[in-house]
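Have a look at the structure below, then the notes.
The values are calculated or read from the model by the stated rules, or taken from the named source; none is laboratory data. Source: prediction; values computed, not measured. Each accessible area value is taken on the protein alone, full model and side chains, heavy atoms only, with ligands, DNA and RNA left out. Shrake-Rupley method; radii C 1.70, N 1.55, O 1.52, S 1.80 Å.
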Amino acid sequence: MKYQRLSPSSAYSQSTRITPGETQANTRPEIKTEAQTKAKTTSKTHADPTKPPVVPRAGVISVVRRQNLFLLVRRLNAPDAGLWGFPGGKVEPGERLFSAAERELKEETGLTSTATHIADIIETIRHAADGTLLFHYVITAICCIETGDEQTPVAASDDAMEARWFSLAEIGQLGTQASSGLYNLAIRVAEQDRTNTLIR
């Protein structure tokens, strides 16, 4: 699962700036017919008319810490098969985000928990080599705390082939074995926890 933090300025990244002295003719956009525009859009986002269009979907990841350790799972299925990342998955219809985070954590590691707060919002978009949109997820990273015995061992299940605890330093050493953005998100959560502790 590729983690890309949402930026409020990203919506303006495609805007065109007109420098002083430029004429309107130099900046006039190419005019396309409706048929040309529709064909271009279809080829990129919905190349196969027999399949439903790709639409943004909601997902969650569950961030749990036991003292200074983070709970990670190694993915069994694509798109991040074989890579380490936080437990998580899609939000079911009618399911609240916190409930989804608690459910995914239970299904993948066996731990029961209570979701406490949102740590971050992440966007992951992947295209095929020809530019066709494969999937688009908007993922909410949610911090959870264990509700059972902290000595309870974790047991990988569902989409997880392994589950174990990692220190922040160990996460940083995973390299290509980690999902993209995992280390940065772990650092962000650790800093949030440190700030909250100081406030208390």
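Lys90 exposes around 80 Å² of accessible area when a 1.4 Å probe is run over every protein chain in place.
With the whole protein complex present, Arg65 retains an accessible surface near 60 Å², based on a 1.4 Å probe.
Relative to the current alpha-carbon distance between Ala190 and Glu92, full extension at 0.36 nm per residue lengthens the span by 32.4 nm.
Between Glu170 and Ala155, the contour length at 0.36 nm per residue exceeds the alpha carbon distance by 3.4 nm. Largest to smallest in accessible area, the residues Glu102, Glu108 fall in the order Glu102, Glu108 (1.4 Å probe, all protein chains included).
With a 1.4 Å probe rolled over the protein heavy atoms of all chains, the accessible area of Trp84, Trp165 falls in the order Trp165, Trp84, largest first.
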